[in-house]
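Quick notes on the structure that follows.
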Amino acid sequence: MHADYRRRVKAQFDVLEQDARTQRNKFDGVVVGIRPVLDCIELETAPHPDGRPPRPDIIIERCKMAWESFKSFNRDAVVSAATHALAVVRSHYLNTDLEAIRGGYAEGLSEAET
């Protein structure tokens with residue numbers, strides 16, 4: 001009975017170990033694919049002095065930082081484009097009331113009403 005229990009536990013452990021190895025291999029594949037992209041958008045992290053690869057959570061943190069940088073870049077680009085567009089409108093149409101635009105998009109109105 002004890003030998004049978006040990007055999008079942010060992011078999012279960014082997015399955016879990018194989019699952020962990022598979023997940024690690026999949027994660028390593030993602031890291032190999034995402035690292036060049038991260039290196040293009042932000043500075044590369046300093047390598048370990050002994051040549052070890054960076055910890056997996058470093059890659060995840062770099063992805064989060066890149067996403068935040070991307071969102072910030074998009075916000076800045078939208079503000080810049082909107083400012084430029086309004087400056088052009090103001091220069092061509094001196095009597096335009098830009099304060100009306102400041103109120104935002106006409107919420108609750110149909111397409112015909114706007």
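The values are calculated or read from the model by the stated rules, or taken from the named source; none is laboratory data. Computed from a prediction, not measured in an experiment: that's the story for all the values here. Ideal geometry is used to build each Cβ from the backbone, glycine not excepted, and the neighbour counts take in all protein chains shown.
List of remarks:
- The sole residue among THR96, THR45 that is at pLDDT 75 or above, part of a loop (DSSP other than H, G, I, E, B) and in contact with a Lys or Arg (Cβ under 8 Å, 6 or more places away or on another chain) is THR96.
- So VAL78, is it assigned to a helix (DSSP H, G or I) and at pLDDT below 85: no
- Checklist (1) modelled with pLDDT under 80; (2) charged (D, E, K, R); (3) touching a Ser or Thr at 6+ places or on another chain (Cβ under 9 Å) applied to ARG90, failing item: (1)
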